[in-house]
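Below: one structure, written as C-alpha cells.
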Amino acid sequence: MAATRRVEFGYNPPAGERGIERIDPRTFVADLQRVADYASEHFDSFWIPDHFMRGEGFRMECWTQLTWLAARYPRQQLGTIVMANSYRHPPLMAKMAASLQAFSGGRFILGYGAGWREDEYRAYGYEFPAPRVRIAQMVEGLEVMKAMWTQAPANYQGKYYRVTEARCEPRPDPPIPVLIGGDGERYLLRAVAEHADWWLPFSRGTETLKHKIAVLRDHCRAVGRDEATIRKTYPLTVYLAPTRAEAERRGGASLQGAEPPFAGEPAALRDYLAQYVDLGFDLFQLVFAGFPETDDMRLFVEEVLPAFR
C-alpha cells in the first residue's frame, strides 16, 4: 500500500510521566536527547504536550522543553499539542511565540486549546470555568495574539483580555499557523472554523471522525469558509511490535477504552493510518510507548514510514 499524497509524521515525546512511557527523572534529559537524536533523522516535527503535573509524577514545562528542542534540532517544525489558553496571559504568549518564530527560523506551529484538567488548574491556582467560558477565553486569546502579530501598535478590547498600544516586535515572519485542539461540536468546532489553520481532534475511530468532520464542514459553511482549507492532524499512541500478540501484551489495560491506542504489527499500522489518510488527515503526531527504548520507533521507520513516502 502506498499513500497517494505526502503524509507527514511528527514525534510527540514525553515531557514527563503520562502513564505511557517509562520515565526515570534521574536520566530523563539524557534519555530524551538520545531518542530525539534518532527521531530527528526521520520525523518532520516535534510536538510537546502542555501539562504542569500528573498526580505526583515528574513533569517538565512545555515551552521550556520546546525551546530546548528548537535549539538542538534545526530541521523539524515545532508544535505544542496543545497549550492551554489559561496558563499563559495571551499577550505574553504572543510575544513568546513571535520570539520563538524568529529564533527558530519560522518553524513554530501554535497548538492551542481551552484546557481540560481541572485538578491541574486548581492545584496551580487557576480558575476553572465552564467549557463554554474556557472556549470563549481561548477564542479571545487567539484574537488578541493575532492582533499583536499583525498590528503595530496593537489594540484589542474583549471581555477577558485587552491590550492598548501594545507592540510585539519582531512580528512573526512567516505568520504562525494556529492549530486548535479538540472536537466539541457546538462551540469548539465553531472556533476551529473561524480561527484555525490546522485542526487536531481527540483520538477517535474513523466513524466518529467522519461525523466530526461533517460538523466542522457545517460550521465552515456557516462562516463562509471552505473546510478543505483547514489542515487535519491526528494524535496517536502506538504500541508497535513485530507481532500483534506482543504489541497487545505491551499495551495491556490501556487497550480497553472506548477509543484505544493502536496496538499491532507494522502491516496493520500501515492499514490503520491509511484509513485516516482517506479521511483527509495528512499529519500524524505519534507517541511511541517504548520510550526510552527506540525499538518500536525503529520498527516504524523501517517498515511503516516507507509506505507513506
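The numbers here are math on the coordinates, done by the rules we state, and not lab data. These figures come from a predicted structure and were not determined experimentally. Methodologically, a virtual Cβ is constructed for each residue, glycine included, from the backbone with ideal geometry; neighbour enumeration extends over all protein chains shown.
Give me the number: length gained by fully extending residue 208 to residue 246, i.e. 0.36 nm times residue separation minus the C-alpha to C-alpha distance, one decimal in nm.
The residue 208-residue 246 span can extend by a further 10.9 nm.
What spacing in nm lies between the two simple spin-label points modelled at residue 132 and residue 223, each 7 Å away from Cα in the Cβ direction?
With each label point 7 Å from Cα toward Cβ, the separation is 1.8 nm.
Can you tell me, using C-alpha contacts under 8 Å and at least 6 residues apart, the relative contact order of the range 2-139 as a whole percent?
After rounding, I find 21 percent.
Between residue 278 and residue 33, what is the spin-label point distance in nm, taking each point 7 Å from the Cα along the Cα→C-beta axis?
4.5
Looking at this model, which pairs from 146/212; 146/232; 95/210 are more than 28 angstrom apart at the alpha-carbon?
Beyond 28 Å between Cα atoms: 95/210.
Using only Cα atoms, tell me the angle between helix 131-150 and the longest principal axis of the chain; keep it within 0 to 90° and round to the nearest 10.
70
For the chain, give the magnitude of the charge dipole about the Cα centre (Cβ charges: +1 Lys/Arg, -1 Asp/Glu; no others), in debye to the nearest 20.
740
With +1 on each Lys and Arg Cβ and -1 on each Asp and Glu Cβ, and nothing else charged, work out how big the dipole of the range 150-306 is about its Cα centre, in Debye to the nearest 20.
That gives the range 150-306 a dipole magnitude of about 720 debye.
Under 5 Å between amide H atoms, partner at least 5 residues away or on a different chain: which partners does residue 16 have, H built in plane at 1.01 Å?
Hits under the 5 Å cutoff: 60.
Output the 0 to 90 degree angle, nearest 10, between the alpha-carbon long axis of helix 90-103 and the longest principal axis computed from the alpha carbons of the chain.
60
Once R0 is set to 25 Å, what does the formula 1/(1 + (r/R0)^6) return for the Cβ-Cβ distance between residue 302 and residue 124, expressed as a FRET efficiency to the nearest 0.05?
My answer for the efficiency is 0.05.
Could you tell me how many degrees, from 0 to 90 and to the nearest 10, lie between the Cα long axis of helix 266-278 and the main elongation axis, the longest principal axis, of the Cα atoms of the chain?
Its long axis makes an angle of about 30 degrees.
Using R₀ = 25 Å, calculate the FRET efficiency as 1/(1 + (r/R₀)^6) where r is the Cβ-Cβ separation of residue 295 and residue 64; round to 0.05.
Using R0 = 25 Å, I get an efficiency of 0.30.
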